[in-house]
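The values are calculated or read from the model by the stated rules, or taken from the named source; none is laboratory data. Keep in mind that this is a model prediction, so the values were computed, not measured. Glycine gets a Cβ as well: all are built from the backbone with ideal geometry, and neighbour counts include every protein chain shown.
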Amino acid sequence: MPKVKINRFLQDPGFCAIATCATLANFYDSSIDYNHVKELLKLDSIESFDGLDSGEIGILLNKLGFKKVTIVTSDFKVVDYSWENYGRKRIVECLLKMRDRKTSDGYIDCKDFYKWLKDYNYDNNLIIDYNFSYYIKKFLDKKIPIALSFNWTMFFKYTKQKNNGVLDSYRGDYSHHIVVAYGYDKRGVYICDSHHELYKYKRKKYRNGFYKISWLNLMTIIGQGDLFLAENYEKE
C-alpha cells in the first residue's frame with residue numbers, strides 16, 4: 001500500500017501529542033505547524049507542561065478543525081467492556097460516574113474523556129476495542145493518517161523514569177508516546193515519530209523519525225494505548 005505523504009515536526013520534551021496533532025492537521029492545511037499548535041494551547045513554558053492525556057488530545061484535534069474524532073481504547077482505568085455496545089450518550093453517563101469516583105486511578109483521564117465526548121458540537125465517538133489493526137488498515141486504506149499511542153519504554157527497552165525525567169529502574173515508571181501512522185504493508189506499520197533527543201547509540205536508527213514497526217510488535221506495545229482517528233477536517 002502507498003504511504004501517505006506527511007510532515008514531521010521535532011518536539012520539545014513531553015510534547016509528542018502537540019507534534020503529532022500538528023502533523024495530522026498539517027496534512028490538510030499546510031499553514032498549521034508545531035508552533036501554531038503550541039500557540040493555540042498558549043504553551044509559553046515547557047517546564048510547566050505535563051503532556052496531554054487522550055481526552056485532551058481529542059479536544060485538541062477538534063480545536064484544530066477536525067469535526068469528527070474517534071478514539072479507540074482498551075484503557076481499563078477509564079472504560080469497561082460492559083460499555084462496548086453503548087451509544088455515545090450512555091458512555092458519556094458512564095464516564096461521568098467514573099469521573100465522580102475521584103479515588104480511581106483514572107480520574108483525570110475520565111474527566112478529560114468526559115469533557116471531550118460530551119461536546120455535541122462535534123461528531124466524536126469512543127470505541128472500546130482492542131482490534132487496533134482493523135482500524136489502522138481501514139483508515140490508511142482511505143489514505144487518512146492516524147495517531148496512536150504505545151508503550152515507549154517497552155518498545156525501546158529504555159530504563160523507567162521518575163516524573164522529573166531521572167532514570168530510576170526501582171521507583172520510575174514507563175512512558176507512553178504518541179506517533180503518526182502513515183502507511184502499512186503485510187509486515188508492519190510505517191511510523192512518523194517527533195521524538196529525537198534520546199535516539200542515539202543503539203537507537204540512532206530511529207533518529208530521522210521515520211521507521212516501521214512489525215504488526216506483532218505494534219499490537220504488543222499499544223497494549224492499553226489508544227488510536228486517534230481524525231476526520232472531516234474544516235479549515236478554521
message: Give me the residue from region 177-234 that is among the acidic types (Asp, Glu) and touching a Gly at 6+ places or on another chain (Cβ under 6 Å) and, out of that set, surrounded by the fewest Cβ atoms within 10 Å (Cβ to Cβ).
response: Glu234
statement: Every listed condition ((1) part of a helix (DSSP H, G or I); (2) within 22 Å of Gly183 (Cα to Cα); (3) over 17 Å from the mean Cα position of the chain (by Cα)) holds for Cys21 save (3)
- line: Pairs returned, first residue in region 211-236 that is β-branched (Val, Ile, Thr), second residue that is in a helix (DSSP H, G or I), beta-carbon separation under 7 angstrom, 6 or more apart or interchain, are Ile221/Met154; Ile221/Phe155; Ile222/Phe132
- prompt: Does Ile108 qualify as being aliphatic (A, V, I, L, M) and at pLDDT 95 or above?
  reply: no
- request: Output yes when any residue across region 62-84 is part of a helix (DSSP H, G or I), under 19 Å from Met98 (Cβ atoms), within 15 Å of the chain's Cα centre (by Cα) and of a type in the set (A, V, I, L, M), and no when none is.
  value: no
statement: Restricting region 168-208 to residues that are in contact with a strand residue (DSSP E or B) (Cβ under 7 Å, 6 or more places away or on another chain) and part of a loop (DSSP other than H, G, I, E, B), the one modelled with the lowest pLDDT turns out to be Asp168
Selection within region 189-232 - over 10 Å from Val179 (Cβ atoms) and among the acidic types (Asp, Glu): Glu197, Asp226, Glu231
